[in-house]
Amino acid sequence: MQLSTHPSPNEMYRALVDRDEAYEGIFFVGVRTTGIFCRPTCAGRKPLRQNVEFFRTTSEALFAGYRPCLRCHPMQLKDDAPDWLEPLLDALEEDHVRRWRDNDLRAAGFEPKRVQRWFKSKHGMTFHAYQRARRLGAALGQLSLGDDIAQTAFRHDYESLSGFNEAVGRLVGDSPGRARSRTVVRITRVPTPLGPMVIGVTDKAVCLLEFADRRMLETQLARIRKTLSAIIAPGETEIARATADEIARYFQGDLKTFTVPIDTTGSPFQEAVWGELRTIPYGTTRSYGEQARRIGRPSAVRAVARANGDNRIGIIVPCHRVVGADGTLTGYGGGLWRKQYLLDLERKHTNSHCSNTSTLRLDLRM
């Protein structure tokens, strides 16, 4: 499927020729004459414009018949942010209250349009909107801990209490006083070999882990708002960083059991299904029918499948380990190609572990 939305094909081709890091992760390019697909920053020889087509994701390129480039490795993990942007992101982490205007960006050596383009593509909002949401999210987090409303407003650089009240009202539809009781869910992204994932965490647990391109993502965010009475705001926490670390170790084959706390609040039936998912051993699969029997509802196979589809904490709650009765892959919101990848990854490292164990036992007997 060729891209039909912004950035334009001409802009993407220009980025390809210039190896513009600002477009890393935004698109991939298929080269018709070679049958391979690459990152926009690939160091290989640049093809003619008429010989390329552009894709949003690696899965689209794979399904179009292209194979990954052996030079730029588009399927492998790559940092979500380009090197040129890292100093700005570090500055935002150190001081989320500071307001960065275009002149501030230029003075620090950043081109405002380039920054805006990256934030729009990665977070679905402009850099300035991201700053406002981040600042407001931090303020709401302080309110939920019982801090004084006026002090919180001024500490987070709101020029007046009325301005703070208005900002809170736009975000949550309520006053700061009543917003105290709302849960703040902070959203960030983590790169993976299968594309970026969105992590959502409360102060206590992970409540969301979804592939960023999943169509259900907006629905899941809406459900979190309703189920947890939550306010969604950008931001990163220790739990988010721990989750990102465990996800990276999982893809490296170094972690088989997750330890980060999770919040799987749902209906009693959903919670039973999701709890049973977590009992499926790493590297194995289970049928929907078997899963239904294990929760004492043998006739509820379809309902179990729906609950699996409603799982909002991917990989950690391993719905990818459930397959059809005949072993076929069915029903994975992230795409069957991702499901196959995850199962192959786990089988590979399970078999590798068994092989190493056998060798160890042989050595001990000698």
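The values are calculated or read from the model by the stated rules, or taken from the named source; none is laboratory data. Since the structure is predicted, the reported quantities are computational estimates derived from the model, not experimental observations. Here Cβ is always computed from backbone atoms with ideal geometry, including for glycine, and neighbour counts include all displayed protein chains.
Looking across Glu246, Glu236, one residue alone is among the charged types (D, E, K, R), modelled with pLDDT under 95 and farther than 21 Å from Leu336 by Cβ. It is Glu236. The sole residue among Ala240, Ala272, Ala222 that is outside the structural domain of Ala325 (by TED's automatic domain parsing), within 17 Å of Gly309 (Cβ to Cβ) and of a type in the set (Gly, Ala, Ser) is Ala222.
State which residue is surrounded by the most Cβ atoms within 10 Å (Cβ to Cβ) when the search covers only segment 258-279 and only residues that are assigned to a loop (DSSP other than H, G, I, E, B) and among the polar types (S, T, N, Q). Going through the qualifying residues, I end up with Thr264. Scanning segment 280-294 for residues that are more than 14 Å from Asn311 (Cβ to Cβ) and in a loop (DSSP other than H, G, I, E, B) turns up Pro281, Tyr282, Gly283, Thr284, Thr285. Each residue in segment 45-63 was checked for being in a loop (DSSP other than H, G, I, E, B) and loosely packed, with under 14 Cβ neighbours inside 10 Å, and 2 pass. Being in a loop (DSSP other than H, G, I, E, B) and either over 19 Å from Tyr341 (Cα atoms) or at pLDDT below 80 (or both) is not true of Asp90.
Among the listed residues Gly314, Gly324, Gly333, Gly309, which satisfies the condition of being touching a Gly at 6+ places or on another chain (Cβ under 8 Å), surrounded by fewer than 16 Cβ atoms within 10 Å (Cβ to Cβ), in contact (Cβ under 8 Å) with a residue 12 or more places away in the chain and of a type outside the set (Ser, Thr, Tyr)? Of Gly314, Gly324, Gly333, Gly309, the one residue that is touching a Gly at 6+ places or on another chain (Cβ under 8 Å), surrounded by fewer than 16 Cβ atoms within 10 Å (Cβ to Cβ), in contact (Cβ under 8 Å) with a residue 12 or more places away in the chain and of a type outside the set (Ser, Thr, Tyr) is Gly309.
Among the residues that make up segment 329-351, is at least one of them outside any helix (DSSP H, G or I), among the hydroxyl-bearing types (Ser, Thr, Tyr) and either modelled with pLDDT of 75 or more or farther than 28 Å from Gly200 by Cα (or both)? Within segment 329-351, one or more residues are outside any helix (DSSP H, G or I), among the hydroxyl-bearing types (Ser, Thr, Tyr) and either modelled with pLDDT of 75 or more or farther than 28 Å from Gly200 by Cα (or both).
Take segment 243-269 and flag every residue that is among the basic types (Lys, Arg) and more than 17 Å from the chain's Cα centre (by Cα). The answer is Lys256, and nothing else.
Given the options Thr265, Thr285, name the one that is under 21 Å from Arg225 (Cα atoms), touching a residue at least 40 places away in the same chain (Cβ under 8 Å) and in contact with a helix residue (DSSP H, G or I) (Cβ under 8 Å, 6 or more places away or on another chain). Spell out the reasoning first.
Working: Thr285 fails: under 21 Å from Arg225 (Cα atoms).
None of the others qualify; the one that does is Thr265.
Out of Val273, Val260, one residue alone is modelled with pLDDT of 95 or more, over 22 Å from Gly331 (Cα atoms) and aliphatic (A, V, I, L, M). It is Val260. Select from segment 295-328 the residues that are of a type in the set (Gly, Ala, Ser) and outside any helix (DSSP H, G or I) and list them in ascending order. Passing the criteria: Gly296, Ser299, Ala300, Gly314, Gly324, Ala325, Gly327. For segment 193-226, the candidate set comprises residues that are crowded, with 16+ Cβ neighbours inside 10 Å and among the polar types (S, T, N, Q); within that set, the residue that is nearest to Arg338 (Cα to Cα) is Gln220.
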